[in-house]
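Note sheet for the following structure.
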Amino acid sequence: MKKNIFLLLVAILTIASCKTKEKIIYFQDITPDSVATTVIPTQQSVLKLVPGDKIGITVTSAATPELAVRYNLSTGSSYSSTSNADNMRYTIDENGNVDVPGIGRVQVGGLTRAEAASRIQAKFRDGVLNDAVVTVAAYNQYITVLGEVARPGLQEITRDKMTILEAIGRAGDLTITGRRDCIRVLRQEGSVTKTYFVDLRSKDLFNSPVFNLQQNDVVYVEPNKVRMGQSTNNDNSVRNISTWLSVTSVLTSIAILIFR
């Protein structure tokens, strides 16, 4: 009898442990005992410039470098390094355009950095500066990570691609009380804000339309039930007392049955 009770207790603890693992382990459907597990993620898309982005445009010329300098923005007379940097950057307007000295208005919205550089360079080489070489750098591109992560807040995009896994990693990963199965990504698409849901426990994440993040995306990690139960002190206290009384009662009953 005692042996059966002990085995039942072990089984209950094992089941509880498995349930906990199912809630927190990433990519559960990728198993090491598979002969071969191949995941083909959605092709990482390069970020495209959008209205409000700031870009730096640098024009150089091997034959006439002194002429090329004319087409680069000056730092102005400000002694502030931040102001100097801003003076050398273009802000893409609401129509996706920037006004570049020497060539006028150029449509860059919807283009990658490389595509924007190529378009601007072509305009310079069309009778303005025949051997012009143009490079474009992007600034002020951010995503926001909120909720149950170690370091919530703004994250600057420092290269042309960023995945949701990279963003979560830079935020210090999810806390133990964050829901892995219900990550929300809010994305502005035209005049509409769309909400997408992803599950970090599944390899289907790699095929999500928000696996590759875009500037201004908001990633929100929901709290689990335990965390939500801590939202008020009274509720938390009652739950803790009730839980510990229940656990104590069960353990006492089991001990009496086993050792009497």
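The values are calculated or read from the model by the stated rules, or taken from the named source; none is laboratory data. Predicted model only: the values in this text are computed from it and were never measured. A quick note on method: Cβ atoms are made from the backbone with ideal geometry, for glycine too, and the neighbour counts reach across all protein chains shown.
Brief remarks follow.
- Candidates Val149, Val136, filtered to the one that is closer than 24 Å to Asp53 by Cα and in contact with a strand residue (DSSP E or B) (Cβ under 9 Å, 6 or more places away or on another chain): Val136
- Residue satisfying condition, being of a type in the set (Gly, Ala, Ser), assigned to a loop (DSSP other than H, G, I, E, B) and out of contact with any Lys or Arg (no Cβ under 7 Å at 6 or more places or on another chain), within set Gly110, Gly127: Gly127
- Among residues of the range 143-162, those that are of a type in the set (Ser, Thr, Tyr) and modelled with pLDDT under 95, counted: 1
- Residues in the range 153-172 that are more than 11 Å from the chain's Cα centre (by Cα) and surrounded by 15 or more Cβ atoms within 10 Å (Cβ to Cβ): Asp160 only.
- Residue among Ile168, Ile143 that alone is outside any loop (DSSP other than H, G, I, E, B), touching a Leu at 6+ places or on another chain (Cβ under 6 Å) and within 30 Å of Gln230 (Cβ to Cβ): Ile143
- Residue match in the range 131-143 (condition: in contact with a Phe, Trp or Tyr (Cβ under 7 Å, 6 or more places away or on another chain), surrounded by 17 or more Cβ atoms within 10 Å (Cβ to Cβ) and of a type in the set (Val, Ile, Thr)): yes
- Cβ pairs under 8 Å, 6+ apart, first in the range 91-117 and closer than 21 Å to Ser45 by Cα, second assigned to a helix (DSSP H, G or I) and of a type in the set (Gly, Ala, Ser): Val108/Ala116
- Residue check, Arg125 charged (D, E, K, R) and modelled with pLDDT under 95: no
- Qualifying residue in the range 78-90 (condition: at pLDDT 95 or above and either surrounded by 15 or more Cβ atoms within 10 Å (Cβ to Cβ) or not aliphatic (A, V, I, L, M) (or both)): yes
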